[in-house]
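Note sheet for the following structure.
Please treat every number below as a calculation from the coordinates, not as lab data. Quantities reported herein were computed from a predicted structural model and do not represent experimental measurements. Cβ sites come from the backbone with ideal geometry, for glycine too, and all protein chains shown count toward neighbours.
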Amino acid sequence: MNKSRKFLLIIVSALIVFFILFYFINQDTVIESTTENIQIISKAKTSEEQWIMLSSNKKIYIENFSIWALIEENQDYTVVYDLLNKTKRYQLITIVPGDYKGQF
């Protein structure tokens, strides 16, 4: 193998390693995951994001507007949410009505 091919192989390998490291460094890892049956006290939104407030005073952010729109205040739900490391926010994973008997 000549020197130019070795150099090209080293450069390509270094770029692959760099992109893999960059991907993992920028991931927002989960600190904790919680599942609970709880009442939704309120919900609100801005033009960029929407969230619900639980009876435990936790603000849970919801990415999907359609899911947020279907949630009713003063109702019980079984919710699964994660606390994200980078943003220190709670992010909704799953929500089902409280009378759904805890089945997902």
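Let me spell out the model: positive unit charges on the Cβ of Lys and Arg, negative unit charges on the Cβ of Asp and Glu, origin at the Cα centre of the chain. What dipole size does that give, in debye rounded to 20?
860 debye
Which value in deg cm²/dmol, rounded to the nearest 500, describes the helix-derived mean residue ellipticity at 222 nm for the chain, given -39,500 (n - 2.57) per DSSP H run of n ≥ 4 and division by the residue count?
It lands at -9000 deg cm²/dmol.
Which of L92, F19, S47 sits closest to the plus end of the dipole of the chain, meaning its Cα is farthest towards the positive end, when Lys and Arg get +1 and Asp and Glu get -1 on the C-beta?
So the residue we want is F19.
Residue by residue, what Karplus-based ³J(HN,Hα) values in Hz, rounded to whole numbers, does the stretch 64-77 have, using 6.51, -1.76 and 1.60 with θ = phi - 60° and x for Gly and Pro?
The phi angles translate into 8, 4, 4, 5, 4, 5, 7, 6, 10, 5, 6, 10, 8, 9 Hz.
What is the sum of charges, Lys and Arg at +1 and Asp and Glu at -1, for the other residues whose Cβ falls under 14 Å from the Cβ of I93?
-3
Tell me the label only: which of [x] 55; [y] 67; [z] 38 is percent of Cα pairs over 19 Å apart as calculated from this structure?
Label [x] holds the value from this structure.
What is the angle, in °, between the Cα long axis of helix 3-25 and the longest principal axis of the Cα atoms in the chain? Nearest 10 is fine, range 0 to 90.
The angle comes out near 10 degrees.
If contacts are Cα pairs under 8 angstrom and at least 6 residues apart, what is the relative contact order of the chain in percent?
Reported relative contact order: 25 percent.
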